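Q: Starting off with a structure, shown below.
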Protein chains: 4
Amino acid sequence: MATKSFYAVIAGVGAGTGRSVALKFAKTYPVALLARKPESYQDIVKEINDAGGKAVGITTDVTEQASVENAFTEIQKTDGFAGAGLAAAIYNVSGGFGGRKPFLETALEDLDASLASNPRGLYLFAKSALPLLLKSVPDSPNPPTLLVTGATASTRGSAFFSGFAAGKFAKRGLAQSLAREFHPQGVHVAHAIIDAVIDIPRTKGYNVNGGAPDGKLSPDAIADEYWHLHTQHRSGFTQEIDLRPYVEKF
Amino acid sequence: MATKSFYAVIAGVGAGTGRSVALKFAKTYPVALLARKPESYQDIVKEINDAGGKAVGITTDVTEQASVENAFTEIQKTDGFAGAGLAAAIYNVSGGFGGRKPFLETALEDLDASLASNPRGLYLFAKSALPLLLKSVPDSPNPPTLLVTGATASTRGSAFFSGFAAGKFAKRGLAQSLAREFHPQGVHVAHAIIDAVIDIPRTKGYNVNGGAPDGKLSPDAIADEYWHLHTQHRSGFTQEIDLRPYVEKF
Amino acid sequence: MATKSFYAVIAGVGAGTGRSVALKFAKTYPVALLARKPESYQDIVKEINDAGGKAVGITTDVTEQASVENAFTEIQKTDGFAGAGLAAAIYNVSGGFGGRKPFLETALEDLDASLASNPRGLYLFAKSALPLLLKSVPDSPNPPTLLVTGATASTRGSAFFSGFAAGKFAKRGLAQSLAREFHPQGVHVAHAIIDAVIDIPRTKGYNVNGGAPDGKLSPDAIADEYWHLHTQHRSGFTQEIDLRPYVEKF
Amino acid sequence: MATKSFYAVIAGVGAGTGRSVALKFAKTYPVALLARKPESYQDIVKEINDAGGKAVGITTDVTEQASVENAFTEIQKTDGFAGAGLAAAIYNVSGGFGGRKPFLETALEDLDASLASNPRGLYLFAKSALPLLLKSVPDSPNPPTLLVTGATASTRGSAFFSGFAAGKFAKRGLAQSLAREFHPQGVHVAHAIIDAVIDIPRTKGYNVNGGAPDGKLSPDAIADEYWHLHTQHRSGFTQEIDLRPYVEKF
């Protein structure tokens, strides 16, 4: 009798955390990668498939219900995913930052973008993912997991980051509510406070923490952490972690 | 030389907290009351004007930019408000509750309503109010104040309150960010965690805290608290309080 | 029939917060002032009595059980206090600061002093005060109140303040536990996070917040706040507030 | 050229978490186990040594400076530890619980015991461990780590757990302060909020979470978590985690 197979879905992939998380989870599962633009996932999909793994990319606007629902439908029709169970769903969308701006110089669109890509996107993603995660509870090798990427602004509303803080606080509140509802049903929901500048191509020139070695957070470290959270036994679920370089002020 | 006069604006009035807050601030200031429907403010406006105070009601949808901007324009054209300074702006809108519901039975509209009336409404309200509050810094009798009503769900994402928690967390994050930006400019921004069932007509039949006397939070107690926060000297601003009946579990 | 009279006890008086709190509460109640050295309370006692109020000072080491018990026994034997009820007990002891020091340069005595004057002192003070506060529940004009002075370090363990943070965290945890136990019995327990340099003779020369006017927290503002907390109706108790000057970074 | 070897120290071992943590770390390091009574560590030491690992037990009262200092001196004289570097120091002492008791029925000794075994014990342990951990920074295979076991009461002062909350809050504040001071020097300091009844011989009969399978926290899950924290790269340190069974209310 064949063992049931399982896959992972990662929303929000690009050159940074999403890529590292995809590569990490692809060592064990086929991975479906969602991003708004094909150029965000194409190289990663190729990298994984070339290395003998299994990946598919689906162009998705996580802020639109139909787009998210369609993505999950597509995944379940894709060879290598069809008939398999969802083991891990990772919401790593980072839109809506808007930059550091005095409140009176921000536009309503900045706030709306933050709310759309943070709580609204997570809501839509979770709405599609949780029924599948629940179905995997009886036989998934690790407790089915919903992972959510947060930021410094998830617990601290700093000056000049009004819209960003609104979105990140909201996403954290939603993740916490989901944890309290779905943990007892066997689905692990964890929120990671990424309190750092991440070491990705875009931040290459940033002078962070005085240029100290390892002064930016390695995306591979985040990926390791997410994998670790995914593999926690149900006897001991962590709902929230913080993660920052040793030299980061907090 | 005439002393400059000042007024207060309260968004979200009805039979409960908003009414008590309006009556309290009306003892000192003309008050402008914003609500989506005239029947929410008409009686309060009449009650205040009959008692020799000054009140005006303006039908406003706080979730729509044009409606909020129009409300503030209207206020500044109204007799008794024109030429006066804004001393206190209170965001007490309570929409988007949605009730206690398993996440998978909620609708996207529930979340959207919570985000609209919590962070988005506060954003729009603050966008119009803060420039006026800043102008009042030099001569307002009390530090110009932006007060925001929160709830238990502002700091705790409970099971079955997913959308509500998202909205309340977001509003708190936004208020915190505004406090950090505007306190140094002399505008006091405070957030009140109302951790209780409020004693209003709608909750009359609720069996709360075993029916203990004073087991529901009196809206007058909230109003007293808001007035107190408004009158704090700039040497000592409180950014956040909790408020609950003595018998409330927390 | 004579109305029962009530008094207040304040532990930790000196030139700063304690003095302002004593003067504030002395406007309504006879006040008993506890300090380790007579020179800390003598002038305040004289000031209050000269102004027609009623004050008594008792030399007390709040870190020693016998000394605290003796203080409360003394109070209840003192003319003007005997037969009266305890309306408010304020724990404002500020010992154990120890200064900013690298952990490895601190002495065990620094930690012990912080633990002694923070959780241990509050424990002993509460042990004597709470039975008296409970007795006052039925007829006290305001809900009997236990107020506890905290600091920035109550919720944030900063580098180089190890012992101070340990003591302040502990005091907050204890106050929170007492609130949850005694609120339902009608005694209000509140904790104030004083996130500021207080404007007292000792800090006169400090350059705080760039020398901004009102950049230090006025002890009278703290006293006003404590009185306000004391007068909250049991329908709406605040368990915790923060308090800081408008220009304070947080 | 010989590679330098490293060891771990665990304070607070017995039949539960300490034993699991000792066994876990013993797979990689020689381990020194500190407990007040030899019967707490003897079996574990034998178990590890019989299995080909290296363990030593030292009778230590962590609340006494001389006893802790002596323990570290002893370790460094012990064959297999002498000349080696300290890679991990784990403070898992669980004394001072005192049980669930109305505050007025507690004894000062309950509070003192909690303060002694929580902040004071951690202080003494850290005082001896941190200089050794600092020395290991340049060549330890994993960032030298100080791990601290917390509890539900570390962030929540519940009714009837006054002394316990005081001790746990204090320990958390101290750990946080140490993290902020020593992270930039390369030593990882993490605090684990164990929000659960642990599944150990003593709790065998407890009816926890309705008797649900895995409804108690497995001590092996805690050990896995501690090992994971120890192996985090300095690019991404976690300062605090929570850990609870899937069915635990929080």
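Q: From other protein chains only, count the Cβ atoms within 10 Å of every residue's Cβ in B:152-158, then give the mean.
A: Numbers: counts 0, 3, 2, 3, 5, 12, 5.
Partner Cβ neighbours, averaged per residue: 4.
Q: Now for a different question. With θ set to phi - 60°, apply the Karplus curve 6.51 cos²θ - 1.76 cosθ + 1.60 along the stretch A:207-223 and write out the HN-Hα couplings as whole Hz, x wherever there is a Gly or Pro.
A: Rounded to whole hertz, the list is 8, 10, 6, x, x, 4, x, 6, x, 9, 7, 5, x, 5, 5, 5, 4.
Q: Let me ask something else. Tell me the carbon and sulfur percent of the accessible area for the protein assembly as shown, rounded to whole percent, probe radius 1.4 Å. Walk me through the numbers before you get to the answer.
A: Values: 18390 of 36640 Å².
For the protein assembly as shown, the apolar C and S fraction of the accessible surface comes to 50 percent.
Q: Name the residues whose placed amide hydrogens come within less than 5 Å of the amide hydrogen of D:V13, ignoring near sequence neighbours (fewer than 5 apart) on the same chain.
A: Close amide H contacts, sequence-distant or interchain: D:L34.
Q: Alpha carbon centre of the stretch C:176-241 versus the stretch A:190-204: separation in Å?
A: Cα centroid of the stretch C:176-241 versus Cα centroid of the stretch A:190-204: 37 Å apart.
Q: Hey, got the average number of other protein chain Cβ atoms within 10 angstrom for residues in B:112-122?
A: Mean shielding by partner chains, rounded to a whole number: 4.
Q: Let's test the formula: R0 of 41 Å, r as the Cβ-Cβ distance of B:K37 and A:D139. What FRET efficiency results, to the nearest 0.05? Display every interim value, and only then the final one.
A: Values: r = 53 Å, r/R0 = 1.28.
About 0.20, to the nearest 0.05.
Q: From zero up to wherever the largest Cα-Cα distance of the stretch B:4-241 sits, split into 10 Å bins and tell me the percent of pairs in each.
A: Result returned by the calculation: 8, 33, 39, 17, 4, 0.
Q: Pick out, from C:T203, C:S5, C:S94, the residue whose Cα sits farthest towards the positive end of the charge dipole of the stretch C:4-241, with +1 on the Cβ of Lys and Arg and -1 on the Cβ of Asp and Glu.
A: Selected residue: C:S5.
Q: What residues have an amide H closer than 5 Å to that of A:L243, excluding those fewer than 5 places away on the same chain, when H is modeled at 1.01 Å from N in the peptide plane?
A: A:I193, A:D195
Q: Could you sort B:K216, D:K54 by accessible area so the largest value comes first, with the probe set to 1.4 Å? Display every interim value, and only then the final one.
A: On the way: B:K216 35, D:K54 75 Å².
Most to least solvent-accessible, the answer reads D:K54, B:K216.
Q: Taking every pair of Cα atoms in the protein assembly as shown, average 1/r, invert it to obtain the Kirkwood radius, and report Rg/Rh to two decimals.
A: Working: Rg = 29.1 Å, Rh = 29.9 Å.
Here the Rg-to-Rh quotient is 0.97.
Q: A further question follows. Taking a probe of 1.4 Å and counting only protein heavy atoms, give the total accessible area buried between chains C and B in Å², rounded to the nearest 100. Numbers along the way, then the final one.
A: Working: alone 12180 and 12180 Å², together 21740 Å².
Summing both chains' loss of accessible area gives about 2600 Å².
Q: State in Å² the accessible area per residue of chain C; use a 1.4 Å probe, count heavy atoms of protein chains only, and round to the nearest integer.
A: On the way: 9150 Å² over 250 residues.
So chain C comes to 37 Å² accessible per residue, rounded to a whole number.
Q: What are the ³J(HN,Hα) couplings of the stretch C:76-83, residue after residue, when phi is run through the Karplus curve with 6.51, -1.76, 1.60 and θ = phi - 60°? Round to Hz, x for glycine and proline.
A: Once rounded to whole Hz, the list reads 6, 9, 7, 4, x, 10, 4, x.
Q: Determine the shielding of peptide A:206-219 by partner chains: average, over its residues, the number of Cβ atoms on other chains within 10 angstrom of each Cβ. Mind dumping the intermediate values first?
A: Details: counts 0, 0, 0, 1, 0, 0, 2, 2, 5, 2, 2, 4, 4, 2.
Partner-chain Cβ atoms within 10 Å, mean over residues of A:206-219: 2.
Q: Of the listed peptides C:204-215, A:59-70, what is their order by residue-averaged count of other C-beta atoms within 10 Å, with the highest listed first? Please report the intermediate quantities before stating the final value.
A: Values: C:204-215: 12.6, A:59-70: 18.0.
Descending mean neighbour count gives A:59-70, C:204-215.
Q: Here is a further query. For the stretch D:191-205, take each phi angle, set θ = phi - 60°, evaluate the Karplus expression 6.51 cos²θ - 1.76 cosθ + 1.60, and give the result in whole Hz per residue in order, putting x for glycine and proline.
A: With coefficients 6.51, -1.76 and 1.60, one gets 10, 10, 8, 8, 9, 5, 8, 8, 7, 10, x, 4, 9, 3, x Hz.
Q: How would C:I90, B:I200 line up by accessible area, probe 1.4 Å, largest first?
A: Numbers: C:I90 0, B:I200 30 Å².
Of C:I90, B:I200, the descending order of accessible area is B:I200, C:I90.
Q: Can I ask one more? Among D:L229, D:L217, D:L108, which one shows the highest mean-square fluctuation when chain D is modelled as a Gaussian network with alpha-carbon springs under 10 Å?
A: Greatest mean-square fluctuation among the candidates belongs to D:L108.
Q: Further, regarding this structure: Kindly rank D:233-239, B:167-173 from highest to lowest mean number of other beta carbons found within 10 Å of each residue. Intermediate results must be reported in sequence, preceding the final value.
A: Numbers: D:233-239: 23.9, B:167-173: 32.4.
Top to bottom by mean Cβ count within 10 Å: B:167-173, D:233-239.
Q: For B:L146, which sequence-distant residues (separation of 5 or more, or a different chain) have an amide H within less than 5 Å of its own amide H, given hydrogens modelled in the peptide plane?
A: B:A89, B:H188, B:V189, B:A190
Q: Taking the Cα centre of chain A as origin, work out the dipole magnitude from +1 charges on Lys and Arg Cβ and -1 charges on Asp and Glu Cβ, in debye rounded to 20. Don't jump to the answer; show the numbers that get you there.
A: Details: 25 positive and 24 negative charges, 51 e Å.
Computed about the Cα centre, the dipole is about 240 debye.
Q: For the pairs A:K24/D:K24; A:K127/A:K171; A:K54/A:K171, flag any whose C-alpha to C-alpha distance is greater than 19 Å. Don't skip to the answer; put the middle values down first.
A: Numbers: A:K24/D:K24 24 Å; A:K127/A:K171 14 Å; A:K54/A:K171 30 Å.
The pairs that break the limit, which is 19 Å between Cα atoms, are A:K24/D:K24; A:K54/A:K171.
The values are calculated or read from the model by the stated rules, or taken from the named source; none is laboratory data. These numbers come from a predicted model, not from an experiment. Cβ coordinates were reconstructed from backbone atoms using ideal geometry, including for glycine residues, and neighbour counts include every protein chain displayed. The accessibility values were calculated without ligands, DNA or RNA, using every heavy atom of the protein model including side chains. Shrake-Rupley method; radii C 1.70, N 1.55, O 1.52, S 1.80 Å.
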